[in-house]
Amino acid sequence: MGKLRRRGARELGAWECLPPAALPSLQTVEHGFPNQPSALAFDPELRIMAIGTRSGAVKIYGAPGVEFTGLHRDAATVTQMHFLTGQGRLLSLLDDSSLHLWEIVHHNGCAHLEEALSFQLPSRPGFDGASAPLSLTRVTVVLLVAAGDIAALGTEGSSVFFLDVTTLTLLEGQTLAPGEVLRSVPDDYRCGKALGPVESLQGHLRDPTKILIGYSRGLLVIWNQASQCVDHIFLGNQQLESLCWGRDSSTVVSSHSDGSYAVWSVDAGSSPTLQPTVATTPYGPFPCKAINKILWRNCESGGHFIIFSGGMPRASYGDRHCVSVLRAETLVTLDFTSRIIDFFTVHSTRPEDEFDDPQALAVLLEEELVVLDLQTPGWPAVPAPYLAPLHSSAITCSAHVASVPAKLWARIVSAGEQQSPQPVSSALSWPITGGRNLAQEPSQRGLLLTGHEDGTVRFWDASGVALRPLYKLSTAGLFQTDCEHADSLAQAAEDDWPPFRKVGCFDPYSDDPRLGVQKVALCKYTAQMVVAGTAGQVLVLELSDVPVEQAVSVAIIDLLQDREGFTWKGHERLSPRTGPLPWPAGFQPRVLVQCLPPAAVTAVTLHTEWSLVAFGTSHGFGLFDYQRKSPVLARCTLHPNDSLAMEGPLSRVKSLKKSLRQSFRRIRKSRVSGKKRAANASSKLQEANAQLAEQACPHDVEMTPVQRRIEPRSADDSLSGVVRCLYFADTFLRDGAHHGPTMWAGTNSGSVFAYALEVPAAAVGGEKRPEQAVEAVLGKEVQLMHRAPVVAIAVLDGRGRPLPEPYEASRDLAQAPDMQGGHAVLIASEEQFKVFTLPKVSAKTKFKLTAHEGCRVRKVALATFASVACEDYAETCLACLTNLGDVHVFSVPGLRPQVHYSCIRKEDISGIASCVFTRHGQGFYLISPSEFERFSLSARNITEPLCSLDINWPRDATQASYRIRESPKLSQANGTPSILLAPQSLDGSPDPAHSKGPDTPEPPEAALSPMSIDSATSADTTLDTTGDVTVEDVKDFLGSSEESEKNLRNLAEDEAHACAILIK
Amino acid sequence: KILHKTDVVGFTCFGAEFRRFSLDRHKPGKFEDFYKLVVHTHHISNSDVTIGYADVHGDLLPINNDDNFCKAVSSANPLLRVFIQKREEAERGSLGAGSLCRRRRALGALRDEGPRRRAHLDIGLPRDFRPVSSIIDVDLVPETHRRVRLHRHGCEKPLGFYIRDGASVRVTPHGLEKVPGIFISRMVPGGLAESTGLLAVNDEVLEVNGIEVAGKTLDQVTDMMIANSHNLIVTVKPANQRNNVVRGGRALGSSGPPSDGTAGFVGPPAPRVLQNFHPDEAESDEDNDVVIEGTLEPRLLSSLRADPRHSLALPPGGVEEHGPAVTL
């Protein structure tokens, strides 16, 4: 033990030398599509786009890699955002009617988004005291008057207020009250009715003094701000939804709640215009839904674009999310799969240009962003370099592959390009190109694999800030599914009016839940991978650069063995298609192994050097030799009392989701067949869907029963046989002199099985090993006394380092493991970590996390942490995510706590469940169904957006005193209040009239600073580890007689003299 | 000697002296004859011995009359393991090596059989005591609190209690203050917690195995308790403060039931108050757990052996052969 501690101290040197303050703080960055977007803005001059979300986050995107994130202090929905064109400033309106001014500022050459000012409309005079100028009601619309210094606010009470943007102060005396407008309206129009809320405010492109105001009742007014008078009035009678001013300002387009739009001509005459020149209902004559937004863009080539959202016939297509693009006779109804939030066109905005000439249309939907090229005939979609909808089908698992070799990278990229050829015809590339990405080219390629519910695996470039889709692998083609979905799509195309066109890739409804991908593993050196799914299917695939047509060999393994008395009540196994099947270039299936009973695969591991794949379900585990295509081993792990496992409890949980999915599919079918159905059916369904989603997010902590039973885990707990982890290692299992291939399996009830494998050695220089059968012999069985689920197993070499991956050592890609010193096996359970010696399994060190902290281990990984100070110094540590969302780092093999961070909210169960660690001290987890958050535990390996933006806005020195500074980008942008950093005030304290927040910032609730563990407690814990050695029940089956005798003596020492009187 | 379909009987004496012979299952004969046979075979006819046998449950039962001799022979299948002890030793109980309750029971049974010749009180060694659930650290814990150690030695009883969230009133310099706390909410009838009488509903849980629960959630405390369930030490503030242990100058290890005036326990039989419980004992107790329970290991072994697929080579010197008994 003394020796061990000494070694531990040497290894820990680098960590311990660092003062706690120098330890890295948790850097985070988000990938994917913002969850629940609610607002969109575009700056045509800087070519940057902003997306606001319902949780109060603001994200600004430019060229790939250019990203800014900000978070409002109140988690309120961002309802509108407006760029102050060219200034890198953004005005946001929240649904609590507060306005916030954001600035992109440069610190040390890098740009960050910071909140500069905020302004709250004093809503009720009685409440806010005498200082409130007027009774202002809720702000409905905001317009930045062309000069950019003044903002006009339209309110629900028909008033329009004016605001100085630089200071966010109300310009008193300029307010336009509805009475003033009504004075110029003829009496018969007035007839005692209110004008309704201000629905739209539009500025004149060339004349900044003119503002077009639209009231909900239908009245349109051109207001001259300079002369404070009404220039022109249009007496519309239809309830107004939106307005757009034509470029030459001679036409005004209005859209209405009855699905019609009207074109008004602006003539100089002062008499009110009574009738629009054109009024059409594009999808009439039956009642239509409102046209929520309309844009009118003219073209140099003649004609104009009318682009509007909504307006669909209420009865037959009222539930569709459509944007219609009309140019001359060409009408295309873009049919999206999720709700439309907002859209804009990228067009010329210089006042001297005569035409808009729109280049692109960008539509922000609830679940994705779609950009169409309007200059190319057919208006093709432009593939987005970022903002990929990760959740186009729900993510069911993920895996990270670090340091991908360049060759494999190129092959995957080329397979992806063949899969979705870039539209050559499209002249337009991504139109949102603002800013410069300053981040260095990543030193190594990182690949993130996500498995999805529809049976696909998507490959993402996770090297940088922008998560770029590379390749998509679909496994559905191998199976016969009950729903042939492609046919219905073909039918849909036959319906020629309205001219629907499916756009976007968000499709959350899987055809068969059994296709869902549960586990993925990829060998980066051989380009072989294994994909395991919900119905017990384990698929071994290999990357091929050419398409082939081949049959896939199928093997079925019965994991129940000879156990009787169990009946599987879950889903059936998938029936594979027989005969040769065409496979495109990319990952092509070689072998399909199907487990019986077809329970979801819970663990999988691949060893390409030995051509072995191991897989486990809730019933047992199996080992398959995919070179010879023959099963090697099957082992049932079921406890005889565990009946729950047999019935497929997961299928019971999923039944609601399944039925919902089926009903949705029915609706889809009925829609295709053209039958009319009750309009509210789908909205009800969506409601139910939303409720389901709401239930999924665990915010109702109070709802849980407040009583907890205290009972030790027992052998017959339900699901005790679930295989939690599988692991291959070349180590010493039989004796201390001969090492060889081993396989390890850990279960939910704390059992660990270790098998010694006989793998025929490959001939020298040969890739393939000879055609001999692989044999597996049970070597050891460890029953952890506390019976907690085994989360991970890893073998450490003589130097205490984890063994390298297959081929790493043999191809000189990693340091060869130390085979001289004694190996050790690290077993991480949900409650504690333990290092056992090998080949004689006895406890060496341990750390009882749950007993000390009251938290349980969810995910662990061995990660390499490189030192910041020393170039080539790195050490391996154990990173662990707990059920409370904290990340702990432990030394290996000493198991001394090093540092811990609070990382994920503990209520965010799906976030914690989705976490995946990388080999270099980073981690990914889902902060929403569509977004990954990446955190960096390592000080050396940090991924963060580094970018700059050229802003032509003279910064006023006096502004600084008003500004509330917020620390750049540490807060989580999906509105997690607990990790929000408190803003610090600058030397000049913020003016209370302008800043909404309290003067003295509160200390942060949960700072992201590392909590150092004082040495006293860690010393205690080390001492603690010396205590029990024989807690675990270790069985040795194949060791030499001497070894096993020792082992047995170890466990039966106390029993020995008992035997004097008691003979067993 | 030819063995026919009879029972085989093995003997053990002191050290490792074994004898074997056969008996007819259906006609075992008289105990007296059997006794003579035993002392004759072992050449110990000059000493007074007690004879016992291991029954099917592994319990050591005495053979001292015709009836239980008959029972012993008929229950053997086919091996009958017989143990011989010198009477003095048997009475002193010095052979009792472990602290398993069953073993003690067996010894007691043996002792009953012997004539009550010795009047002096023999107190066994401490290791013969089965650790019981107890109040510990009385001298360390404030009088209003109670540190309880729950032992689950061999007993199949569930721990049997539930905890809940609640509000606890604390006295602070600013007056009374309500703080969140963890309380025992329910006892399972017949469970260990109930049967010890040391914990009660509405007791506030302050520590679990030396770690304060203040600031921890109900789930965290649940996990801590379950992680420590093999050796659970909870410090509680009893809801009923009238039964608190009053600290006195009592000698260490005084173990008699305290009088009601000083530290009486109302209700179930009062357990001993062990003072100055040493943490090392706790650690070693934890170690003993598996060995004592012992249910796991033979079952696992047999389940493994049942599966021919694993081609298990049973290690030589396995558990079965480890004992000193030799079969004939």
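Could you give the nm distance between label points at A:T85 and A:A809, where each point is 7 Å from its Cα heading toward the beta carbon?
Those two pseudo-labels are separated by 6.6 nm.
Packing-wise, with mean Cβ within 10 Å as the measure, how do A:738-750, A:299-311, A:543-555 rank, highest first?
A:738-750, A:299-311, A:543-555
Using the beta-carbon distance between A:A315 and A:T137 and R0 = 35 Å, what value does 1/(1 + (r/R0)^6) give for FRET efficiency, to the nearest 0.05?
For A:A315 and A:T137, the calculated efficiency is 0.50.
Take every Cα-Cα distance within the range A:32-120, group them into 5 Å bins from 0 onward, and report for each bin the whole-number percent of pairs it holds.
Histogram of Cα-Cα distances, whole percents per bin: 3, 15, 29, 27, 17, 7, 1.
Using the scaling law 2.2 N^0.38 Å as the reference, what is the normalised Cα Rg of the range A:332-404?
Against the compact-globule rule of thumb, the ratio is 1.47.
Tell me, what is the FRET efficiency for A:S420 and A:K193 to the nearest 0.05, using R0 = 45 angstrom and their Cβ-Cβ distance as r?
Approximately 0.25, to the nearest 0.05.
Report the full-extension gain for the segment A:Q772 to A:L438: residue separation times 0.36 nm, less the Cα-Cα distance, to one decimal in nm.
Taking 0.36 nm per residue and subtracting the Cα distance, the gain is 114.8 nm.
Longer than 26 Å from Cα to Cα, which of A:K780/A:K848; A:K524/A:K840; A:K407/A:K629; A:K289/A:K472 are they? Say none if no pair is.
Over 26 Å apart, Cα to Cα: A:K524/A:K840; A:K407/A:K629; A:K289/A:K472.
Considering amide H positions built from the backbone, and no H for Pro or chain starts, which residues 5 or more places from A:E758, or on another chain, come under 5 Å of its amide H?
A:E775, A:A776, A:V777
Could you pull out every residue, at least 5 positions away or on a different chain, whose amide H is within less than 5 Å of the one on A:Q518? Hs are placed 1.01 Å off N in the peptide plane, and Pro or chain starts have none.
Hits under the 5 Å cutoff: A:A532, A:G533, A:T534.
Modelling each spin label as a point 7 Å along the Cα-to-Cβ direction, I'd like the B:D24/B:Q241 distance in nm, to one decimal.
According to this spin-label approximation, the distance is 7.7 nm.
In the structure shown, do any of A:K193/A:K293; A:K859/A:K906; B:K36/B:K86 have a Cα-Cα gap over 20 Å, and if so which?
Going by Cα-Cα distance, A:K193/A:K293 fall outside the 20 Å limit.
Subtracting the Cα-Cα distance from 0.36 nm times the residue separation, let me have the gained length for A:Q239 to A:R183 in nm, one decimal.
Answer, rounded to one decimal: 18.1 nm.
So if R0 is 45 Å, what FRET efficiency would A:R799 and A:Q561 give, r being the distance between their Cβ atoms, rounded to the nearest 0.05?
0.70
Full extension from A:Q550 to A:S630: what is 0.36 nm times the residue separation minus their Cα-Cα distance, to one decimal in nm?
26.9 nm
So for the pair B:D55, A:L274, with labels modelled 7 Å out along Cα→Cβ, what separation do we get in nm?
The answer from the label model is 11.3 nm.
Buried accessible area between A and B (1.4 Å probe, both chains summed, ligands and nucleic acids excluded), in Å² to the nearest 100?
Summing both chains' loss of accessible area gives about 5600 Å².
The values are calculated or read from the model by the stated rules, or taken from the named source; none is laboratory data. The shown structure was predicted, so the numbers you read here are calculated from the model rather than taken from an experiment. Using ideal geometry, Cβ is built from the backbone for each residue, glycine included, and neighbour counts are taken over all protein chains shown. For the accessible areas, the whole protein counts, side chains as well, though only heavy atoms, and no ligand, DNA or RNA atoms are used. Shrake-Rupley method; radii C 1.70, N 1.55, O 1.52, S 1.80 Å.
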